[in-house]
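Inspection log for the structure reproduced underneath, given as C-alpha cells.
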Amino acid sequence: MAAQPGMGVVVENFDADSAEDVALLKKTVYRDKIAVLRGLDLDVPGFLALGRRFGTPEAYYEPAYHHPEHREVFVSANVEENGRRIGVPKTGRFWHSDYQFMPRPFDLTLTSPRVVPARNRGTLFIDLARAYEALSPELKRQVEGSTATHTVRRYFKIRPGDVFRPLGELVAEVDAKTPPVTAPTVYEHPHTGERVLYISEGFTESMHDADGRSRPDLLRELLAATGQLDDEPSEVPVHLQTFEAGDVLVWDNRALVHRAVHTDTPEPAVSWRVTVHDRAAA
Ligand code: 7UC
Ligand code: FE
C-alpha cells in the first residue's frame with residue numbers, strides 16, 4: 001500500500017488479505033484520523049469482510065437501516081431499488097459520533113459511497129483531540145472531572161410503521177430502548193493517548209461539572225469552541241472529506257465528529273456503512 005500522511009490520507013493498492021497492510025492502515029487511521037481507500041471495487045459481502053479485518057462489526061439497533069442480506073451493513077439511501085425501499089434517507093445531517101448515545105460507541109467507522117450526487121458531496125469532520133488541545137487553560141480546567149450526557153432523542157427517525165402513533169408514546173419508547181448515557185466529557189484515546197473532548201451538537205444533551213452542577217452554558221461554550229455551532233468562530237478547522245463512488249473511508253469514530261452533507265435536490269445518494277469495535281469489550 002502507498003499513502004500520503006494527513007487527515008484524509010489517500011491509500012492506493014491496499015491489500016485487505018495482507019496482515020501487514022491491515023496493521024499499517026490501523027496505525028494510519030489512529031494517527032491521521034481518516035483514510036480513503038481507492039480502487040477496491042467491493043460488493044456488499046466484500047465490504048463487510050473488510051470491516052472484519054479492523055474489528056468486530058456491530059449491526060445498527062434499528063432494523064430499518066439494515067441491508068436486506070447483511071444486517072451489519074447500514075444503508076443510507078434516498079432511492080428505491082426495484083420498487084422497494086432499502087435503508088434510510090438523509091442520515092447523519094448533524095454533528096455527531098456514531099453510537100455516541102449508546103453505552104459502547106463504535107471505535108471505527110467504514111463507509112463506502114455507492115451513488116454520489118453531483119452537488120453537495122462529501123462529509124465534514126472535526127478532530128476532537130485537536131479541539132481539546134486548542135481549549136483555553138480556563139476551559140480545560142472547567143471540563144476536568146465533568147460528565148456529558150448523550151441521547152439519540154432529537155435525531156431518532158420516524159419509521160414508516162410509526163405513522164399515526166402518538167408522539168409521546170414514541171418518545172417514551174425511544175427513552176426505554178436507548179436511555180441517555182452519561183460519560184466523562186474528556187477521555188484518553190486508547191491507541192494514541194490523546195485527550196478527546198467527546199461531545200457533539202447532535203447527541204450531547206447536557207453536561208455536569210465536577211461538583212455535579214448542571215452546566216448548559218459550559219456545553220454551549222465547548223460546542224462553539226469545537227466548531228459545532230454554525231456562525232461561531234472556532235480554533236479548529238472543519239475538514240471537508242470528498243470521495244468518489246466505490247471509495248472506502250475508514251475513520252477513528254472516537255476522535256472525530258462528522259456531519260453528512262446531503263443534497264436537497266432529488267439527486268440520488270446511496271452509501272454503505274460498517275461500524276466496528278477494535279478491542280474486546282471491557
Ligand atoms: O438516521 C440517522 O441519522 C442515524 C443516527 C441517528 N445514528 C447514527 C449512529 O450510528 O449513531
Ligand atoms: Fe454518522
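The values are calculated or read from the model by the stated rules, or taken from the named source; none is laboratory data. Owing to the predicted nature of the structure, the values given are computational and were not obtained by experimental measurement. All Cβ positions, even for glycine, are placed from backbone atoms using ideal geometry, and neighbour counts span all protein chains on display. Each accessible area value is taken on the protein alone, full model and side chains, heavy atoms only, with ligands, DNA and RNA left out. Shrake-Rupley method; radii C 1.70, N 1.55, O 1.52, S 1.80 Å.
A few remarks follow.
- Residue check for Val79: in contact with an Asp or Glu (Cβ under 9 Å, 6 or more places away or on another chain), farther than 21 Å from Val236 by Cβ and at pLDDT below 95: no
- Within the range 136-154, at least one residue is within 16 Å of ligand 1 (Cβ to nearest atom) and open to solvent by 30 Å² or more (accessible area, probe 1.4 Å).
- Failed item, numbered, when Pro184 is tested on (1) surrounded by fewer than 17 Cβ atoms within 10 Å (Cβ to Cβ); (2) modelled with pLDDT under 95: (2)
- Residue check for Ala16: in a loop (DSSP other than H, G, I, E, B) and buried (at least 17 other Cβ atoms within 10 Å of the Cβ): yes
- Any hit, the range 196-214, residues being hydrophobic (A, V, I, L, M, F, W, C), over 30 Å from Asp41 (Cβ atoms), under 14 Å from the mean Cα position of the chain (by Cα) and within 16 Å of ligand 1 (Cβ to nearest atom): yes
- Filter result (within 21 Å of Pro190 (Cα to Cα) and assigned to a helix (DSSP H, G or I)) within the range 27-47: Lys27, Thr28, Val29, Tyr30, Arg31, Asp32
- For the range 203-219, the condition of being crowded, with 19+ Cβ neighbours inside 10 Å, within 24 Å of Arg93 (Cβ to Cβ) and within 16 Å of ligand 2 (Cβ to nearest atom) holds for at least one residue.
- All positions within the range 233-263 that are within 16 Å of ligand 1 (Cβ to nearest atom), over 17 Å from Arg114 (Cβ atoms) and surrounded by fewer than 22 Cβ atoms within 10 Å (Cβ to Cβ): Arg259
- Which listed residue is touching a residue at least 24 places away in the same chain (Cβ under 8 Å), under 30 Å from Arg31 (Cβ atoms), within 14 Å of the chain's Cα centre (by Cα) and open to solvent by less than 30 Å² (accessible area, probe 1.4 Å), from Leu128, Leu124: Leu128
- Which listed residue is within 27 Å of Asp32 (Cα to Cα), more than 14 Å from ligand 1 (Cβ to nearest atom) and either outside any helix (DSSP H, G or I) or modelled with pLDDT under 95 (or both), from Pro179, Pro113: Pro113
- The listed residue being exposed (fewer than 14 other Cβ atoms within 10 Å of the Cβ) and out of contact with any His (no Cβ under 9 Å at 6 or more places or on another chain), out of Arg84, Arg71: Arg84
- Qualifying positions in the range 102-122 - more than 11 Å from Val270 (Cβ to Cβ) and in contact with a helix residue (DSSP H, G or I) (Cβ under 7 Å, 6 or more places away or on another chain): Leu108, Leu110
- Odd one out for Pro89, checked against (1) within 12 Å of ligand 1 (Cβ to nearest atom); (2) modelled with pLDDT of 95 or more; (3) open to solvent by 10 Å² or more (accessible area, probe 1.4 Å): (2)
- Only a single criterion out of (1) in a helix (DSSP H, G or I); (2) open to solvent by 20 Å² or more (accessible area, probe 1.4 Å); (3) closer than 30 Å to Thr147 by Cβ is not satisfied by Leu24, namely (3).
- Lone unmet requirement of (1) away from ligand 2 (no atom under 14 Å from the Cβ); (2) loosely packed, with under 14 Cβ neighbours inside 10 Å for Val44: (2)
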